[in-house]
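The values are calculated or read from the model by the stated rules, or taken from the named source; none is laboratory data. None of the values given here were measured: they were computed from a predicted structure. Note that each Cβ is placed from the backbone with ideal geometry, even for glycine, and that neighbours are counted across all protein chains shown. Only protein heavy atoms, including side chains, enter the accessible area calculation; ligands, DNA and RNA are left aside. Shrake-Rupley method; radii C 1.70, N 1.55, O 1.52, S 1.80 Å.
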Amino acid sequence: GVHSAEHRITQFWWIGLPRGPVPPARVYAQTDALAFVAAVLAGHGVEPGSPYVGIQPGGASATGRWPLENFASVAEWLAADWKLTPVVVLGPREREWVVEARRLFAAPAVVLDGLDLRQLIAFVSRARLFLGNDSGPTHVAAAAGCPVIDIFGSTSAVHWRPWQAPSRVVLNEFSCRPCRGGRCHVYDRPRCILSVTLDQVKQACMELLRETETNR
């Protein structure tokens, strides 16, 4: 198995690009987007320079979405033990979750929806940690240089893990994964993602926070 970055680069090797190491992906925050996000966070009580953890509970498929209440439990632990303000970011497909998210994520947690791509890049570039399912925002966070916890369900971590970024992948192996997702085709519910425990995710967070504490 090869990573998607390695797979894509072979197209360029075949047309003459000299072979060599595949560099990490990089995205950069723009000044106006940084200012906008800082103002939004300050309006929710997160002052500039205050450490926060970005949390992305969404995902394209139910087989890749860890339960919202599990994210809330980890967020409470990160706030209590690591003094990180949890900031939940919801995309357009998850706006119907806003009420439930605000109920589950107790203060000092913040729930945001409606950030565009430029604002998302600015948001993750200043986060101390990003915790999410295997989804687009998680890869954006990795490309912005944010330490990432990537929770996998039905997708392949070999193919889609964060590429050359400070990260931890959390998953449990099943003979049926990876699969095409959408729904579980073997069990009555998607055991791959539902089998991931709170302790697994907390352990990954703790390891990565300690590993990167001198670099942020």
Note on D116: of the conditions (1) free of Cβ contacts under 8 Å to residues at least 40 places away in the same chain; (2) touching a strand residue (DSSP E or B) at 6+ places or on another chain (Cβ under 7 Å), unmet is (2)
Does the range 66-75 contain at least one residue that is closer than 18 Å to F123 by Cβ and under 17 Å from the mean Cα position of the chain (by Cα)?
yes
Among the residues of the range 180-216, the number that are farther than 19 Å from A75 by Cα and not in a helix (DSSP H, G or I) is 14
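What helices (runs of 4 or more DSSP H) completely inside the range 1-111 contain at least 2 residues that are small (G, A, S), open to solvent by 30 Å² or more (accessible area, probe 1.4 Å) and under 28 Å from L171 (Cβ atoms)?
Working: elements: 4-14, 31-43, 68-82, 98-104.
Ranges flagged: 68-82.
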Considering residues that are among the basic types (K, R) and touching a strand residue (DSSP E or B) at 6+ places or on another chain (Cβ under 6 Å), the number found within the range 93-113 is 2
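I need the full set of residues from the range 170-188 which are within 30 Å of E213 (Cα to Cα) and touching a residue at least 24 places away in the same chain (Cβ under 8 Å), in order please. If you could, list the steps in order and put the result at the bottom.
Pass one, the range 170-188, residues within 30 Å of E213 (Cα to Cα): 170-173.
Within the range 170-188, V170, L171, N172 qualify.
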T10 vs (1) modelled with pLDDT of 90 or more; (2) among the polar types (S, T, N, Q); (3) farther than 29 Å from I193 by Cβ: all pass except (1)
